[in-house]
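Engineer: To start, I am sharing the structure in question, which I have written as structure tokens.
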Amino acid sequence: MQTITQSLACAREALLPHSETAALDAQTLLAAITRRSRAWLLAHPRARLTPCQHRRLRRACARLAVGEPLPYVLGRWAFYGRDFVVTPAVLIPRPETETLVEQALAWLQRHPERRRVADVGTGSGVLAITLAAECPTAQVTATDRSVQALAVAAVNARYHRVEARLAFLQTDLLTAAAGPFDLIVANLPYIPTAALKRLPISRFEPALALDGGEDGLRLIRRLLTQIPARLARGGLLLLEIAADQSQAMQALVRALLPGAKVHLFPDLAGRDRVVAVAF
Ligand SMILES: C[S@@+](CC[C@H](N)C(=O)[O-])C[C@H]1O[C@@H](n2cnc3c(N)ncnc32)[C@H](O)[C@@H]1O
């Protein structure tokens, strides 16, 4: 049977064409298969895999070699310091989305009397569940059009023990969610259809989670029209956008929600990725 060193080399090789962090990803994969920490693996380079672990590694490497993303192979991924189940029915949680969480939590902290939260397009539930877990008095409604995504989010809510403060709704945006909500967060699909076709992520992640229509803003535009009837006075809407959409987004808010105040927040790379719309 292979040693840890040989196994890490095999996984790294399979990941190299698809990942800029192949060595780290290989360690994460092997840590999951062996149920050891990455530190343990590095400290025991000559330890050998069991036959079962070896088979699992071979199968995982075959999936990675055809470009399947590591989180789908692992079946879990971390977001804001918590572990979430992910399946091909949901978007893989991205680190950029943590910027939106930070803004949402800062607002909830400044407004302790405002606890009605909605997460539109919840996917794996990372936003809804993180906000419920970090803010123990929040009541969160999470919507998605995808029944399969909502099933994954429900598993994650139970795992993080916040299901009692979460309501899941299968609906188009906020159509079946009456509100009013104090805080509405949404990481809706925002990639223009033509651009998406050229992206490798479109091979594995669901189009429903990525495709934002011709200009990428189709769903966001429709959500903005629902906001006056759903967002409480003095409430806040937080949206994730692509780095090149901030101008178009500001124009859209001015046109659809005249009088609303718009702020942009940068991600860790300094790109404007979160739009805050205050009523
Ligand atoms: C970009 S993913 C975001 C998932 C998760 N909130 C996150 O940040 O990782 C967008 C989600 O919106 C959902 N979605 C797409 N169109 C929708 C619609 N019209 N109404 C509700 N949800 C929708 C997709 O199924 C997907 O789960």
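Engineer: Mind listing just one residue for me: the one in segment 200-214 that is over 19 Å from Leu173 (Cα atoms) and within 13 Å of the ligand (Cβ to nearest atom) and, of those, nearest to the chain's Cα centre (by Cα)?
Structural biologist: Glu205
Engineer: Applying the selection to segment 128-160, what residues are within 11 Å of the ligand (Cβ to nearest atom) and open to solvent by 10 Å² or more (accessible area, probe 1.4 Å)?
Structural biologist: Asp144, Arg145, Ser146, Val147, Gln148, Leu150, Val152
Engineer: Within segment 81-94, take every residue that is within 11 Å of the ligand (Cβ to nearest atom) and not aliphatic (A, V, I, L, M) and give me the one that is farthest from Glu68 (Cα to Cα).
Structural biologist: Once the filter is applied, the top-ranked residue is Phe84.
Engineer: Give all pairs with beta carbons closer than 9 Å in which a residue from segment 37-60 that is more than 10 Å from Ile4 (Cβ to Cβ) meets a residue that is among the charged types (D, E, K, R); count only pairs at least 6 apart in sequence or on separate chains.
Structural biologist: So the pair list comes out as His54/Arg48.
Engineer: Name the residue, out of Arg230, Arg271, that is of a type outside the set (A, V, I, L, M, F, W, C), in contact with a helix residue (DSSP H, G or I) (Cβ under 8 Å, 6 or more places away or on another chain) and open to solvent by 10 Å² or more (accessible area, probe 1.4 Å).
Structural biologist: Step by step, each of Arg230, Arg271 is checked, and only Arg271 is of a type outside the set (A, V, I, L, M, F, W, C), in contact with a helix residue (DSSP H, G or I) (Cβ under 8 Å, 6 or more places away or on another chain) and open to solvent by 10 Å² or more (accessible area, probe 1.4 Å).
Engineer: Answer with yes or no whether Thr193 is surrounded by fewer than 18 Cβ atoms within 10 Å (Cβ to Cβ), within 11 Å of the ligand (Cβ to nearest atom), at pLDDT 95 or above and not small (Gly, Ala, Ser).
Structural biologist: Against the criterion (surrounded by fewer than 18 Cβ atoms within 10 Å (Cβ to Cβ), within 11 Å of the ligand (Cβ to nearest atom), at pLDDT 95 or above and not small (Gly, Ala, Ser)), Thr193 does not qualify.
Engineer: Could you count how many residues in segment 61-107 are part of a helix (DSSP H, G or I) and in contact (Cβ under 8 Å) with a residue 24 or more places away in the chain? Steps first, please.
Structural biologist: Here is the first cut: in segment 61-107, the residues part of a helix (DSSP H, G or I) are 61-65, 70-74, 97-107.
Adding the requirement that they be in contact (Cβ under 8 Å) with a residue 24 or more places away in the chain leaves 61-62, 64-65, 70, 72-74, 97, 99-101, 103-105, 107.
The qualifying residues number 16.
Yes or no, residue by residue, for (1) at pLDDT 90 or above; (2) closer than 26 Å to Thr87 by Cβ; (3) hydroxyl-bearing (Ser, Thr, Tyr):
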position: Leu15; (1), (2), (3): no, yes, no
position: Ala22; (1), (2), (3): yes, yes, no
position: Gln27; (1), (2), (3): yes, yes, no
position: Ala43; (1), (2), (3): yes, no, no
position: Arg58; (1), (2), (3): no, yes, no
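Engineer: Restricting segment 46-60 to residues that are part of a helix (DSSP H, G or I) and open to solvent by 60 Å² or more (accessible area, probe 1.4 Å), which is farthest from Ala32 (Cα to Cα)?
Structural biologist: Among those that are part of a helix (DSSP H, G or I) and open to solvent by 60 Å² or more (accessible area, probe 1.4 Å), it is Pro51.
Engineer: Consider segment 159-205. How many of its residues are charged (D, E, K, R), within 17 Å of Val126 (Cβ to Cβ) and part of a loop (DSSP other than H, G, I, E, B)?
Structural biologist: Total meeting the criteria: 2.
Engineer: Considering every residue within segment 98-119, establish whether at least one is open to solvent by 30 Å² or more (accessible area, probe 1.4 Å), within 17 Å of Leu188 (Cα to Cα) and within 11 Å of the ligand (Cβ to nearest atom).
Structural biologist: Checked against the condition, which is being open to solvent by 30 Å² or more (accessible area, probe 1.4 Å), within 17 Å of Leu188 (Cα to Cα) and within 11 Å of the ligand (Cβ to nearest atom), segment 98-119 yields at least one hit.
Engineer: Now a separate question. Would it be correct to say that Ala43 is farther than 16 Å from Gly75 by Cβ and surrounded by 19 or more Cβ atoms within 10 Å (Cβ to Cβ)?
Structural biologist: Working: farther than 16 Å from Gly75 by Cβ: yes; surrounded by 19 or more Cβ atoms within 10 Å (Cβ to Cβ): no.
For Ala43, the condition - farther than 16 Å from Gly75 by Cβ and surrounded by 19 or more Cβ atoms within 10 Å (Cβ to Cβ) - is not met.
The values are calculated or read from the model by the stated rules, or taken from the named source; none is laboratory data. All figures in this text were calculated on a predicted structure; none of them were measured in a lab. Neighbour counts are summed over all protein chains in view; Cβ atoms, including those assigned to glycine, are modelled from backbone coordinates with ideal geometry. Heads up: the accessible areas ignore ligands, DNA and RNA and are worked out on the full protein's heavy atoms, side chains in. Shrake-Rupley method; radii C 1.70, N 1.55, O 1.52, S 1.80 Å.
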